[in-house]
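The values are calculated or read from the model by the stated rules, or taken from the named source; none is laboratory data. Please read these numbers as outputs of a predicted model, since none were measured by experiment. Positions of Cβ are backbone-derived with ideal geometry, glycine not excepted, and every protein chain shown enters the neighbour counts. Heavy atoms of the whole protein, side chains included, go into the accessibility calculation; ligands, DNA and RNA do not. Shrake-Rupley method; radii C 1.70, N 1.55, O 1.52, S 1.80 Å.
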Amino acid sequence: SSGEQAAVTDDVTQNDLMTAGRTVRVEGEVEGDVAAAGSDVTVSAPVKGYVMSAGRTVSVEAPVGNDLWAAGERVNIAGPVGNNAMIAAQTVRLQPGATVGHDARLAGGEVRSEGRIAHDLTISAGRAEIGGDIGGVVNASARKVTVLPDAIVRGDLIVRAPEPPVISPGAQVMGKVDFHQTGGVRWWLTWPALWVCLFLSLLVLNLIGLYVAPTWFSRVAETLRTRPLLSLLAGVVVLIAV
């Protein structure tokens, strides 16, 4: 589905769902996977498979049965994720009621994780705030790392930052605290996660484009086949200009 306002309100979508629009609302249960892209994306109904989403604002408010991959300017997760979560955004928020069934990898300018994570948490950020219950190791690279009062870290806390982490009274770190001082933000750790999420975002957008405009993709493929050198030159010029 696509359009200015792409709202999916069916009771149950039996197969996979691909949707795009300026405003996207997934309000009906999906038995398969979801690929959603738009300026404002909200998933407010259960998804039994994966969720891949890209947008300026992405909100996941309902259960996701498998992995969650999300990228945008602001990403907010309030529901349970059955397996792994990989999120990159300027602002990332894992709400107190959210859960991640395996590992969570969060990257962005400001990252605040307050949900329950069954295994390991990896954060690359400008500012990282860690709360909730983390069942494994926390590996944080940031300018500033704060461990919130309600935090329970059942494994080690490994921090790479210019200054030691601020561990609030009441926070519990059951493993060891391993601090590595750096001269600044370790952006080389942030960028791999960002690039993976950007790749997934482009993949989602292209799948949606292939679904809603197959003729355009056929014309692009034919141009690449008949004029490869000119296409390569044009692509390099556009890439440098951008």
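When you go through (1) in a strand (DSSP E or B); (2) closer than 21 Å to Glu129 by Cβ one by one for Gly97, which number turns out not to apply?
Status for Gly97: all satisfied but (1).
Can you report the number of residues in region 187-214 which are at pLDDT below 70 and among the hydroxyl-bearing types (Ser, Thr, Tyr)?
Residues of region 187-214 at pLDDT below 70: 187-195.
When the remaining residues are screened for being among the hydroxyl-bearing types (Ser, Thr, Tyr), the result is 190.
Adding up the residues that qualify gives 1.
Taking the residues in region 84-108 that are farther than 18 Å from Glu61 by Cβ and open to solvent by 20 Å² or more (accessible area, probe 1.4 Å) as candidates, determine which candidate is nearest to the chain's Cα centre (by Cα).
Result: Met86.
Could you check region 121-133 and list, in sequence order, the residues that are modelled with pLDDT of 95 or more and surrounded by fewer than 18 Cβ atoms within 10 Å (Cβ to Cβ)?
Answer for region 121-133, where residues must be modelled with pLDDT of 95 or more and surrounded by fewer than 18 Cβ atoms within 10 Å (Cβ to Cβ): just Asp133.
For a quick check of your reading of the model, give me the residue pairs whose first member lies in region 163-177 and is at positive phi, whose second is open to solvent by 60 Å² or more (accessible area, probe 1.4 Å), with beta-carbon atoms closer than 6 Å and at least 6 apart or on different chains.
Going by the 6 Å Cβ cut-off, the qualifying pairs are Gly170/Pro149.
Those residues that are over 17 Å from Met52 (Cβ atoms) and either in contact (Cβ under 8 Å) with a residue 24 or more places away in the chain or hydrophobic (A, V, I, L, M, F, W, C) (or both), I need them from region 11-29; list them, please.
Correct list: Val12 only.
Name the residues in region 209-227 that are open to solvent by less than 70 Å² (accessible area, probe 1.4 Å) and of a type outside the set (A, V, I, L, M), would you?
Gly209, Pro214, Phe217, Thr223
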